Amino acid sequence: MENQHEEQNQLNIELNEEIAEGQYANLAIITHSNAEFVVDFVNVMPGLPKAKVKSRIILTPQHAKRFMKAMLDNIKKYESVHGTIQDQEPVSVPMNFGGPTAQA
């Protein structure tokens, strides 16, 4: 009976081929309102004045906080195996895209 209860609580997640390939991004621009967080993942190429948003994810504040905690947990796990991730120089890209000041 316990096994049957566990099966009912499982979530079947589907991942199609296009999404499974992923998108490379080297910049995240985060903005928020009182109701949501918007994360734009961008691919900035050196020497080019224009960059494309590769993906936009919209989260509730509660899910944004859960995501942050999950990222911190995964970074700790990664660093325990591979060593400390070194911070690099700050990116000198204009961060004002017409909306509220963003942080990456």
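Could you tell me what percent of the accessible area of region 22-82 is made up of carbon and sulfur, with a 1.4 Å probe and every protein chain present? Before the final figure, lay out the partial values.
On the way: 2950 of 4930 Å².
The computed percentage sits at 60.
Determine the order of D87, D40 by accessible area, beginning with the largest, at a probe radius of 1.4 Å. If you can, show how the numbers build up before the last one.
Numbers: D87 145, D40 20 Å².
Order by accessible area, largest first: D87, D40.
What are the ³J(HN,Hα) values, in whole Hz, obtained from phi via the Karplus relation 6.51 cos²θ - 1.76 cosθ + 1.60 with θ = phi - 60°, for each residue of region 44-61 in sequence order, with x given for Gly and Pro?
Rounded to whole hertz, the list is 9, 9, x, x, 9, x, 10, 9, 9, 6, 8, 7, 10, 10, 10, 10, 6, x.
What are the ³J(HN,Hα) couplings of region 19-30, residue after residue, when phi is run through the Karplus curve with 6.51, -1.76, 1.60 and θ = phi - 60°? Round to Hz, x for glycine and proline.
Taking θ as phi minus 60°, the curve returns 5, 4, 5, x, 10, 7, 9, 10, 8, 10, 10, 10 Hz for region 19-30.
Given H placed on each backbone N at 1.01 Å, which residues far from K52 in sequence or on other chains put an amide H within less than 5 Å of it?
Long-range HN contacts for K52: N43.
Excluding same-chain residues fewer than 8 positions from K69, which lysines have a Cα within less than 16 Å of its Cα?
Leaving aside lysines fewer than 8 places away in the same chain, those within reach of K69 are K77.
Under a 1.4 Å probe, what is the accessible area of region 22-82 per residue, stated in Å²?
Values: 4930 Å² over 61 residues.
Accessible area per residue: 81 Å².
The values are calculated or read from the model by the stated rules, or taken from the named source; none is laboratory data. This is a predicted model, so every value here is computed, not measured. These area figures cover heavy atoms from the full protein model, side chains too; ligands, DNA and RNA do not enter into them. Shrake-Rupley method; radii C 1.70, N 1.55, O 1.52, S 1.80 Å.
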